[in-house]
Every structure is written in C-alpha cells, then in structure tokens.
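Inspection log for the structure reproduced underneath, given as structure tokens.
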Amino acid sequence: MSGEAQSSAEYIQHHLINWCVGDCDPVTHQAAGFWAFHVDTLVFGWLLAGLIAWISFAIGRVLTTGTPGTLQNVIESVVEFVQTQVRDIFPGSNPLIGPLAITIFIWVFLMNAMDLLPVDLLPLLGRVVGIEHLKVVPTTDLGTTFGLALSVFALIIFYNIKIKGPIGYLKQFLFHPFGKYLIPVNIIMTTIEEVAKPVSLALRLFGNMFAGELIFMLIALLSFAWYMLPFQVALGSLWAIFHILIITLQAFIFMLLTIVYLGMAHTSEEEH
C-alpha cells in the first residue's frame with residue numbers, strides 16, 4: 001500500500017511541475033528566483049492567443065450579412081452576449097471595455113478548456129521529444145492568473161486617475177468609507193479593498209482550475225486494474241461534462257468582475 005501511495009503521489013507531483021527554464025532548482029525543477037520562466041504556460045497561452053487572433057482575422061475576411069456559417073454564428077452570439085453584459089453593467093462609454101471583455105472571456109475560456117484534454121496526452125508527447133515536465137493548462141499557473149489580474153488592476157488605477165484625477169483618487173483613500181474623521185482607518189480599509197481586487201480575481205480562477213485538474217489526475221489513477229477501465233471512462237466523462245460548466249463560469253466571472261471594477265473606476269464617489 002505504501003508503494004502504491006508513493007507512486008500515486010509521485011504521479012500527481014510530476015504533473016504539477018511546470019517546464020521551468022532559467023533560474024530553476026535542478027532537483028525539484030521549481031522556480032528558484034525571479035528569472036525563472038514556465039515555458040509551457042507561456043507557449044500554450046501564446047498559442048491560444050494566436051488562435052483567437054487567427055480565427056478573428058479569418059472570420060473578419062468572410063463576414064456576410066446573408067446566411068452566415070456556423071463559426072460566424074458562434075462568434076456573433078459571443079459578441080452579443082458580452083455586449084449585453086457591458087451595456088447592463090458599465091456606466092457611460094469607453095471603446096476599450098467591449099474588446100477587453102470579449103478578449104478576456106474567450107482567452108480565459110480557451111486556457112481553461114485545455115483541462116478537457118486527456119491528462120497524460122501532451123505530457124507523454126513532451127517526454128517523447130525530451131520535455132520531462134509539462135503542464136498544459138495555463139490557468140493552473142499562478143503566473144497566468146496573477147498576470148491577468150494585475151493587468152486589469154493596472155487599468156483600474158489608470159482609469160481611476162484619468163476619470164477622477166490624482167486628487168480625486170487620493171480622496172477615495174482618505175475619506176472612504178468612514179468620512180474625514182477616520183482617515184487612518186479609511187486608508188487601511190480602502191487599500192485592503194483595492195488590493196483584494198487582483199488577489200481575488202487571480203486566486204478564484206487559479207483555485208477552481210487547479211482543483212479541476214487535480215480531480216482529473218485522481219480519476220486517471222483509477223487505472224490500476226483493467227476491470228476499473230469502464231468505471232474510469234464513465235467517471236472521467238461525467239466530470240468532463242460538469243467541468244465544461246466550470247471553465248465557462250470561471251471565464252464569465254473573470255470577465256464580469258473586470259467590467260464591474262472598471263465601471264467603478266469610471267464613477268465618482270457620489271455615484272458609487
């Protein structure tokens with residue numbers, strides 16, 4: 001039993017290690033310094049971003065108002081869905097918000113959807129070409145989720161200063177939420193509130209996707225005997241179907257909170 005447990009632990013641990021290049025520990029293969037790069041995260045993230053750009057360009061060249069194809073119908077449905085969210089939530093008008101929201105939704109969805117590939121498929125192919133460790137779901141890497149969240153946070157700060165002015169943004173820290181008589185408390189509370197935005201965005205997405213990937217690994221471990229194969233296939237299929245809802249919901253929540261936070265940056269303290 002201890003041999004099996006150790007084998008299972010090693011299997012899971014192996015699948016949780018990124019392909020690290022640069023300042024990496026030679027034994028654990030984990031990042032050991034700032035200049036450590038998770039190549040698998042970067043490559044799969046960029047490939048999916050390139051896929052979005054290529055499909056958008058291809059669809060844009062053959063757009064028709066007559067009888068659109070299936071792919072154009074899907075794209076139009078996604079655009080209309082995101083446009084409705086922006087109209088309902090975002091105050092005023094900003095030409096950046098719509099494209100930003102749809103990019104976040106589709107990109108995060110595709111990165112999440114990598115979780116639906118068989119757990120051992122791409123890592124096995126990686127071993128064939130000499131890549132020992134390979135994580136294929138970019139959103140199970142904190143570098144990805146925090147990178148996205150901090151990018152949104154930078155836009156929140158930018159629009160707070162642009163719309164309210166530096167003094168107006170400073171007043172938000174000094175006088176919110178308890179008024180002018182509790183300025184030290186206001187600074188602490190507002191700072192926590194602001195910092196919580198990127199942290200919650202990043203950890204929510206990471207936690208849900210990491211847990212989903214871990215469950216797929218546990219299901220994969222059921223193949224210790226041939227008679228478990230039907231049960232493994234059935235359980236994996238059921239979890240994959242349910243996981244489609246999770247990956248879609250997480251992409252939607254990340255997009256929705258981005259719209260909400262940027263909408264708050266475009267409103268004055270009185271409107272807020």
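What follows draws every value from the coordinates through simple rules; no lab data is involved. Given the structure is predicted, the values throughout are model-derived calculations rather than measurements. With ideal geometry, Cβ positions are generated from the backbone for all residues, glycine too; neighbour counts draw on all protein chains shown.
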Which distance in nm do the two modelled labels at Thr67 and Glu10 give, with both placed 7 Å along the Cα-to-Cβ direction?
6.0
Can you put Leu182, Leu201, Leu155 in order, fewest other beta carbons within 10 Å first?
Leu182, Leu155, Leu201
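Tell me the relative contact order for the chain as a rounded percent, counting alpha carbon contacts under 8 Å between residues six or more apart. If you can, show how the numbers build up before the last one.
Numbers: 264 pairs, mean separation 63.5, N = 272.
Reported as a whole number, the value is 23 percent.
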Highest-MSF residue in the chain out of Phe153, Phe37, Phe57 [GNM, Cα springs under 10 Å]
Phe57
In whole angstrom, how far apart do the alpha carbon centroids of segment 30-92 and segment 98-125 sit?
11
For Val27, Val199, what ranking results if the residue with the fewest other Cβ atoms within 10 Å of its Cβ goes first?
Val27, Val199
What number, rounded to the nearest 500 deg cm²/dmol, is the helix-based mean residue ellipticity at 222 nm of the chain, given -39500 (n - 2.57) per DSSP H run of at least four residues and division by all its residues?
-25000 deg cm²/dmol
Whole-Hz Karplus ³J(HN,Hα) for segment 58-65, in order, using 6.51 cos²θ - 1.76 cosθ + 1.60 and θ = phi - 60°, x for Gly and Pro?
5, 5, x, 6, 10, 4, 9, 9
Scan the chain and report its longest stretch carrying no GluC sites (Glu not before Pro) that are both in a DSSP loop and have at most 12 other Cβ atoms within 10 Å.
133-268
Amide H of Ala32: which non-local residues (sequence gap of 5 or more, or other chain) have their own amide H closer than 5 Å, using H built in the peptide plane?
Cys24, Asp25
Near Lys164, which lysines are there with a Cα under 24 Å away, not counting those fewer than 8 places off in the same chain?
Lys180, Lys197
At 7 Å along the Cα-to-beta-carbon direction for both Ala154 and Leu238, put a label point, then send me their distance in nm to one decimal.
4.5
If you rank Ser223, Ser77 by fewest surrounding Cβ atoms within 10 Å, what's the result?
Ser77, Ser223
On a 0 to 90 degree scale, rounded to 10, what angle separates helix 70-89 from the longest Cα axis of the chain?
40
